[in-house]
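Laboratory data are not the source of any read-out in this text; all were calculated from the coordinates shown. Note that the coordinates shown come from a computational prediction; the quantities given were computed from them, not determined experimentally.
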Amino acid sequence: EAGVAQSPRYKIIEKRQSVAFWCNPISGHATLYWYQQILGQGPKLLIQFQNNGVVDDSQLPKDRFSAERLKGVDSTLKIQPAKLEDSAVYLCASSPTGVRYNSPLHFGNGTRLTVT
Amino acid sequence: QKEVEQNSGPLSVPEGAIASLNCTYSDRGSQSFFWYRQYSGKSPELIMFIYSNGDKEDGRFTAQLNKASQYVSLLIRDSQPSDSATYLCAVKRETSGSRLTFGEGTQLTVNP
């Protein structure tokens, strides 16, 4: 079973620039998550999709962050414009379903973003 | 109050000892509890999940849950240097669209 694919692995940009991350979940997984993990902290959920619908985006800074999951498969997360405090690892995860017991999240390798 | 709090680290134990990692949560509606391990520079990987009060054992790992006290722990017996990592506690409700909320993590070092 292929895992969650993310790209790029690393990205360095200047503040006020824009950046986009891509995620392809495990085949057949209905739920897709984007987490932000700042160094030394636990992952924080940015947005959760069930198929191609948004289930939870309450912690997404919508003035600068946007995400979409067209056709209910792969997803992109965009930051525009970036701030210094956006420097973090952006983790994509997927699960067969978001509501069942014992439905673990499978994480991708993440994208490490550095904003200078 | 943070939704999920873990004992502050770093935690250091000698090889062969028992490592005890603790977690408390604020949402009484939480129903599922997970422990993830994260090696430096890597993504979190699931170690165990528990949703009933009591103990659940899997090899050298034991998860303990006490919903009345809103407390969940992870014991690692016969700790190995390869167990050195950050351990993340995560909780969620089992309702449609529920969010998996992580704690800050506890860094464990097992000394040979």
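Using all C-alpha to C-alpha distances in region B:7-51, build P(r) with 5 Å bins and read off the rounded percent in each one.
Calculated P(r), rounded to whole percents: 5, 14, 19, 26, 22, 10, 4, 1.
Averaged over all directions, how much area does the convex hull of the C-alpha atoms of the protein assembly as shown cover when projected, in nm²? Numbers along the way, then the final one.
On the way: hull surface 50.1 nm².
Reported value for the Cα convex hull: 12.5 nm².
Seen from all sides and averaged, what is the projected area of the convex hull of the Cα atoms in region A:6-66, in nm²?
Its Cα hull, projected and averaged over all orientations, spans 5.2 nm².
Of B:Lys56, B:Lys92, B:Lys42, which has the largest mean-square fluctuation in a 10 Å C-alpha GNM of chain B?
Between B:Lys56, B:Lys92, B:Lys42, it is B:Lys42 that shows the largest mean-square fluctuation.
Kindly give Rg over Rh for region B:19-80, based on alpha-carbon atoms, with the Kirkwood expression for the hydrodynamic radius. Can you show the working numbers first?
Numbers: Rg = 12.0 Å, Rh = 12.3 Å.
Computed over Cα atoms, the ratio is 0.98.
List every residue whose amide H lies under 5 Å from the amide H of B:Leu11, counting only residues 5 or more places away in sequence or on a different chain, with H placed 1.01 Å from N in the peptide plane.
B:Gln107, B:Leu108, B:Thr109
What whole-number value in cubic angstrom gives the convex hull volume per residue for the C-alpha atoms of region B:46-112?
100
From the C-alpha coordinates alone, can you work out the Kirkwood hydrodynamic radius of chain A, in Å?
Computed over chain A, the radius equals 14.1 Å.
Hey, in the GNM for chain A with a 10 angstrom Cα cutoff, which one of A:Gln17, A:Gln37, A:Gln50 fluctuates hardest?
Of A:Gln17, A:Gln37, A:Gln50, the most mobile in the Gaussian network model is A:Gln17.
Once the Cα atoms of chain B are picked out, what are the Rg and Dmax in Å?
Cα-based Rg and Dmax for chain B come out at 13.5, 45 Å.
Mind computing the radius of gyration and Dmax over the alpha-carbon atoms of region A:46-92? Å is fine for both.
11.0, 32
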